[in-house]
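Colleague: Got a structure for you, questions after.
The values are calculated or read from the model by the stated rules, or taken from the named source; none is laboratory data. As the structure is a prediction and not an experimental result, all values here were calculated from the model. All Cβ positions, even for glycine, are placed from backbone atoms using ideal geometry, and neighbour counts span all protein chains on display.
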Amino acid sequence: MAVDLYWLPLGAGGYCVRLNGIAFEAVAATLHRRRRLDLYHSALVVTTREGRWAIEQAPAWHDGAERGVVAEGSVGLRAAGRLRLFRYEVRCWRDGTIPDVAEAVESPLRVTDHETHALRLLELVPRAPTATWGRDELGTGEMWNSNSLISWLLARTGLDVESIRLPRGGRAPGWQAGIVVARRDC
């Protein structure tokens, strides 16, 4: 039994996302008067006696049945989510893969090896918030995104999410948003 966290460089395997991430971080660093950092997207792999699940949030550009899609949300503006191009999906994919996992940094990070935590996390995935990606609809002071989903799942599972370290020289926008919302949900 295990829950493993993966830190994937934002835009790994995709030129457009990487370029947008660089631009986003340049603006954020300038506004906050700090140096630029590498940006990371997080994902989980949960292993139980019944199997192995890949859990992440990603664009919903195709029919999701074969990828274990359990929820969808809007990207940018809630109304834009009517179009598939502006939707994301939450995946809990049995025997699934995480694209670009080979590019993960300081990963996998074993978060727990307790069966109770692994099973609880799997139960929570379909119940995770589906706030609009890139917005702060939940009033956390930070946008909701894939990192928010992962930190929410870990925190709601009862794991010590505060002790999880980001890769050196990096940050995971949205991570704190998930923790804040998880604490409210308790």
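Colleague: I'd like to know if the range 102-119 contains one or more residues that are over 14 Å from the mean Cα position of the chain (by Cα) and assigned to a loop (DSSP other than H, G, I, E, B).
Modeller: yes
Colleague: So, in the range 126-139, exactly how many residues are among the basic types (K, R) and modelled with pLDDT of 95 or more?
Modeller: 1
Colleague: For the range 40-68, which residues satisfy the criterion of being farther than 23 Å from P173 by Cα and of a type in the set (A, V, I, L, M, F, W, C)?
Modeller: Scanning the range 40-68 gives W53, A65.
Colleague: Just give me the residues in the range 63-89 being of a type in the set (G, A, S), crowded, with 18+ Cβ neighbours inside 10 Å and closer than 14 Å to N145 by Cα, in sequence order.
Modeller: Within the range 63-89, A71, G73, S74 meet the criteria.
Colleague: Separate question: Specify which of the listed residues (W152, W133, W93) is surrounded by 17 or more Cβ atoms within 10 Å (Cβ to Cβ), under 12 Å from V46 (Cα atoms) and not aliphatic (A, V, I, L, M).
Modeller: From the options W152, W133, W93, the qualifying one is W93.
Colleague: If I go through the range 151-173 residue by residue, how many of them are modelled with pLDDT of 95 or more, under 23 Å from L77 (Cβ atoms) and not aromatic (F, W, Y)?
Modeller: Of the residues in the range 151-173, 0 are modelled with pLDDT of 95 or more, under 23 Å from L77 (Cβ atoms) and not aromatic (F, W, Y).
Colleague: Can you tell me which residue within the range 86-100, out of those that are part of a loop (DSSP other than H, G, I, E, B) and acidic (D, E), is modelled with the lowest pLDDT?
Modeller: Restricting to residues being part of a loop (DSSP other than H, G, I, E, B) and acidic (D, E), the top hit is D100.
Colleague: Then there is this: Any idea how many residues of the range 120-130 are touching a strand residue (DSSP E or B) at 6+ places or on another chain (Cβ under 8 Å) and surrounded by 16 or more Cβ atoms within 10 Å (Cβ to Cβ)?
Modeller: Total meeting the criteria: 6.
Colleague: Which one is farthest from the chain's Cα centre (by Cα), of the residues in the range 143-186 that are outside any helix (DSSP H, G or I), within 15 Å of L109 (Cα to Cα) and not aliphatic (A, V, I, L, M)?
Modeller: Filtering first and then ranking leaves R168.
Colleague: Among A104, A43, A60, which is the only one that is in contact with a Leu (Cβ under 6 Å, 6 or more places away or on another chain) and crowded, with 20+ Cβ neighbours inside 10 Å?
Modeller: A104
Colleague: Which residue, of E142, E103, is within 25 Å of P167 (Cβ to Cβ) and at pLDDT below 90?
Modeller: That would be E103, the only listed residue that is within 25 Å of P167 (Cβ to Cβ) and at pLDDT below 90.
Colleague: Now, a different point. Suppose we keep only residues that are without any contact (Cβ under 8 Å) to a residue 60 or more places away in the chain and part of a strand (DSSP E or B) within the range 47-67. Which one would you say is nearest to G134 (Cα to Cα)? First the steps, then the outcome.
Modeller: First, pick out the residues of the range 47-67 that are without any contact (Cβ under 8 Å) to a residue 60 or more places away in the chain: 50-52, 54, 59-67.
Then keep just the ones that are part of a strand (DSSP E or B); that gives 51-52, 54, 59.
Working: G51: 32, R52: 29, A54: 23, P59: 13 Å.
Among residues in the range 47-67 that are without any contact (Cβ under 8 Å) to a residue 60 or more places away in the chain and part of a strand (DSSP E or B), the one nearest to G134 (Cα to Cα) is P59.
Colleague: Please verify whether the range 68-83 includes one or more residues that are under 22 Å from T132 (Cα atoms), of a type in the set (D, E) and part of a loop (DSSP other than H, G, I, E, B).
Modeller: Checking the range 68-83: not a single residue is under 22 Å from T132 (Cα atoms), of a type in the set (D, E) and part of a loop (DSSP other than H, G, I, E, B).
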